[in-house]
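Visitor: I am attaching a structure below and will ask some questions about it afterwards.
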Amino acid sequence: MEWTPDEQGLQQVLQLLKDSQSPNTATQRVVQDKLKQLNQFPDFNNYLIFVLTRLKSEDEPTRSLSGLILKNNVKAHFQSFPPPVAEFIKQECLNHLGDNSSLIRATIGEGGPGGLRGAFGALQKICEDSSELLDSDALNRPLNVMIPKFLQFFKHCSPKIRSHAIACVNQFIMDRAQALMENIDTFIEHLFALAVDEDPEVRKNVCRALVMLLEVRIDRLIPHMYSIIQYMLQRTQDSDENVALEACEFWLTLAEQPICKEVLTAHLVQLIPILVHGMRYSEIDIILLKGDVEEDEAVPDSDQDIKPRFHKSRTVTLAHEEPRGGDGDGEGDDEDDDDTLSDWNLRKCSAAALDVLANVFREELLPHLLPLLKELLFHLEWVVKESGILVLGAIAEGCMQGMVPYLPELIPHLIRCLADRKALVRSIACWTLSRYAHWVVAQPPELYLKPLMTELLQRILDGNKRVQEAACSAFATLEEEACTELVPYLSFILDTLVFAFGKYQHKNLLILYDAIGTLADSVGHHLNQPEYIQKLMPPLIQKWNELKDEDKDLFPLLECLSSVATALQSGFLPYCEPVYQRCVTLVQKTLAQAMMYNQQPEQYEAPDKDFMIVALDLLSGLAEGLGGHVEHLVARSNVMTLLFQCMQDTMPEVRQSSFALLGDLTKACFVHVKPCI
């Protein structure tokens, strides 16, 4: 039942409100006493909100005053309001935020525009946190009331309120909330009306809305597509970088739509130069990236430099892994050595957009790009040249066919850029060359592979950590493409990688393990030569001995050793005993910790099961590499018992690695598997 006021009580409250407007001090004192008395009754607050929101017959000052008294009560005693009273007040406020009187709206919005901003800030949080709930029958679909209200506020005189109102509605686009879908055309109309708002926050939220609508209601945008594209071209060049970034997302989203080619072809001539321009480092980027620091290899890494990494399973690539090499800032997609820059920014978004558009338009992009590229790649200013190299890398996948005629000239130029005096040019050249590795490897090795490899190996030993990282990642990509083509140069390659061991700080060591593991995967049994083993194994085993069982740096090292053991085959025999023992110990420790945690979760921490997964994978590598030679190790351990437990683990990745190991042990030493069948 909805609360209704008692007529006599209502008259009493109204009289009080009238008296309180009297200038007479004695009357004021009586009013104060009466207020204290009435505050003993919880539903007094219901009368106050009722006067504020429903009694349209009363004059505005009286209604507003009622709201201000209520506001003070809410501030002082809201915690002690009975739930029905609190509910009634909240519901009334929401329903009447759009009152015809600006004074009443302001009062409801907590006394004044500042309060309305506060209220809208709170509403935005509620919309963010409970978007599904607000559109559910459970609450009687409050959105049916809220959406039209929010839309009214798109026209509010305060930019903060306009911005909040759009942000509130935006929360409901991706879920296709029914109330929004019913008002979709009004929403789009209102957005267009705010397209050139003077407030950057408003423009940003308009752009964000259009990007989401492109994904869920492209049908409603198609009639206006020409103007929307023209608008987004403007906004991608907005003076406010946050607006430009939101607008730039539009091209990324459009590229995924089937109509992309049809609607965008005519605009490429405008769009391509804008994206290319957005790919330059901004001045602030260069400061944050310490772009003027050329040598920092002696500076130790701080812990936040090292992002969490994911284990790469031997059996299948996990969904959360990013491919190596990243976005052309010379690092992996999810790694960045500056928190400030790991944020998605205009440069990365522009590069990503160009990449996806190159995959949509293929060679059709080149007439718009080649004239720009000529100018950029040979530019005297390093920032401009750097952006040109990034452009070349971004289009590598989509425009490869069309680029082939130019590569005999471009690849040598890029190889020269590897020796540029600016570290940021050297690092981007590493990345872009890795994007063309496939083509390089297909040509006679003397032409490009040999000079590229020679120069990349020098960059692996660069004095700048960002360049070391980019070179190591690029070299790993080259290894995957070249495979056994690298065999003639193995000695030279291993000398470099082993020398880097003594030189690298923490973060890059982890990438170096990847380069060594990939080398082993790529050349396979060719690595099994005494001179190569002599170079490679001592530094790996030294690191292995330095690391404690609970150190996460074991992950990349174990992965690396797994590849090395598989490649070296019997060449790994002298090292297999301690490696095997430790893997079994890691599995045993993790299982024990999981058991303790399951029995007493409040007393013990949950184990990091990655230790177990990586150890199982390395045992697989040993079984695969050593074959029958693994038999004596299995005989002297309880690995089969542990394996039986791992195969029943709750975590799929653990079970997956267990089944893989079971297969490898069945091939290598069935005698020990047979009794357990």
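The values are calculated or read from the model by the stated rules, or taken from the named source; none is laboratory data. Computed from a predicted model, the values in this text were never measured in an experiment. FYI the Cβ positions are ideal-geometry reconstructions off the backbone, even for glycines, and counts take in every protein chain you see. Areas reflect the complete protein model, heavy atoms only, side chains present, ligands, DNA and RNA absent. Shrake-Rupley method; radii C 1.70, N 1.55, O 1.52, S 1.80 Å.
Visitor: Report the charge-dipole magnitude of region 153-302 in Debye, nearest 20, computed about the Cα centre from +1 at each Lys and Arg Cβ and -1 at each Asp and Glu Cβ. Walk me through the numbers on the way to the answer.
Guide: Details: 13 positive and 25 negative charges, 194 e Å.
Once rounded to the nearest 20, the dipole reads 940 debye.
Visitor: Among the trypsin sites (Lys or Arg not before Pro) in region 545-653, which ones are in a DSSP loop with at most 16 other Cβ atoms within 10 Å of the Cβ? Mind listing them? Can you show the working numbers first?
Guide: Numbers: sites: K548, K552, R582, K589, K609, R636; in loops: K548, K552, K609, R636.
Those satisfying the criteria are K548, K552, R636.
Visitor: On to the next question. Go through A470, T484, L424 and say which Cα lies farthest out towards the positive end of the charge dipole of region 365-502; charges sit on Cβ, +1 for Lys and Arg, -1 for Asp and Glu.
Guide: L424
Visitor: Cα axis of helix 423-435 to longest principal axis of the chain: angle in degrees, 0 to 90, nearest 10?
Guide: In the chain, helix 423-435 runs at an angle near 70 degrees to the longest axis.
Visitor: Would you list which aspartates and glutamates come within 15 Å of K535, measuring only between C-alpha atoms, while excluding same-chain residues fewer than 8 positions from it?
Guide: Partners found: D495.
Visitor: If DNA, RNA and ligands are ignored and the probe is 1.4 Å, what is the ranking of C676, C349, C483 by accessible area, most exposed first?
Guide: Values: C676 75, C349 0, C483 50 Å².
So the residues, ranked largest to smallest area, are C676, C483, C349.
Visitor: Between region 214-269 and region 397-458, what is the separation of their alpha carbon centroids in Å?
Guide: Taking the Cα centre of each part, region 214-269 and region 397-458 sit 33 Å apart.
Visitor: Would you please name the trypsin sites (Lys or Arg not before Pro) within region 394-499 that are DSSP coil residues with at most 16 other C-beta atoms within 10 Å of their C-beta? Please report the intermediate quantities before stating the final value.
Guide: Values: sites: R416, R421, K422, R426, R435, R459, K465, R466; in loops: R421, K422.
Counting only loop positions with at most 16 other Cβ atoms within 10 Å, the trypsin sites (Lys or Arg not before Pro) in region 394-499 are R421.
Visitor: Using a 1.4 Å probe on the protein heavy atoms, what percent of the accessible area of the chain belongs to carbon and sulfur?
Guide: Numbers: 16490 of 30560 Å².
With neighbouring chains kept in place, the figure for the chain is 54 percent.
Visitor: Is the shape of region 451-600 best called rounded, prolate or oblate, per the rule: a/c under 1.5 gives rounded, else a/b larger than b/c gives prolate, else oblate, with a ≥ b ≥ c the square roots of the Cα gyration tensor eigenvalues?
Guide: Since a/c reaches 1.5 and a/b is larger than b/c, the shape of region 451-600 is classed as prolate.
Visitor: Further, regarding this structure: Using a/c under 1.5 as the rounded threshold, could you call region 425-535 rounded, prolate or oblate? The axes a ≥ b ≥ c are square roots of the C-alpha gyration tensor eigenvalues, and prolate needs a/b larger than b/c, oblate otherwise.
Guide: oblate
Visitor: Tell me whether region 563-634 comes out rounded, prolate or oblate; compute the Cα gyration tensor, take square roots of the eigenvalues as a ≥ b ≥ c, and use a/c under 1.5 as the rounded threshold.
Guide: prolate
Visitor: Farthest toward the dipole's positive end in the chain, which of Q534, F50, L214, given Cβ charges of +1 (Lys, Arg) and -1 (Asp, Glu) about the Cα centre?
Guide: Going by the Cα projections, it comes out as F50.
Visitor: Moving to a separate point now. For R141 and W3, what does the FRET efficiency come to when R0 = 22 Å and r is the distance between their Cβ atoms, rounded to the nearest 0.05?
Guide: 0.55
Visitor: Still on this model: Which value, in Å², gives the accessible area per residue of the chain when a 1.4 Å probe is used on the protein heavy atoms?
Guide: Result: 45 Å² per residue.
Visitor: Roughly how many debye, to the nearest 20, is the charge dipole of region 125-184 about its Cα centre, given +1 on each Lys and Arg Cβ, -1 on each Asp and Glu Cβ, and no other charges?
Guide: Approximately 420 debye in magnitude.
Visitor: Also: Write out the trypsin sites (Lys or Arg not before Pro) in region 112-194 meeting two conditions: DSSP loop, and at most 10 other Cβ atoms within 10 Å of their Cβ.
Guide: Nothing satisfies the criteria.
Visitor: Can I ask one more? Quick one: dipole size for the chain, taken about the Cα centre, charges +1 on Lys/Arg Cβ and -1 on Asp/Glu Cβ, in debye to the nearest 20.
Guide: 980 debye
Visitor: What's the longest uninterrupted piece of the chain once you rule out the GluC sites (Glu not before Pro) that are loop residues per DSSP with at most 12 other Cβ within 10 Å?
Guide: 3-197
Visitor: When the Karplus curve 6.51 cos²θ - 1.76 cosθ + 1.60 is applied with θ = phi - 60°, which whole-Hz ³J(HN,Hα) does each residue of region 388-394 get, with x for Gly and Pro?
Guide: x, 5, 5, 4, 4, x, 5
Visitor: Rounded to the nearest 500, what is the chain's calculated 222 nm mean residue ellipticity when only DSSP H runs of at least 4 contribute -39500 (n - 2.57) each, over all residues?
Guide: The per-residue figure over the chain is -21000 deg cm²/dmol.
Visitor: Please go through the residue pairs K261/K422; K465/K543; K385/K543; K71/K149; K507/K589 and name each one whose alpha carbons sit more than 30 Å apart in this structure.
Guide: K261/K422; K385/K543
Visitor: Note down the relative contact order for the chain as a percent, whole number, built from C-alpha pairs under 8 angstrom at least six residues apart.
Guide: 7 percent
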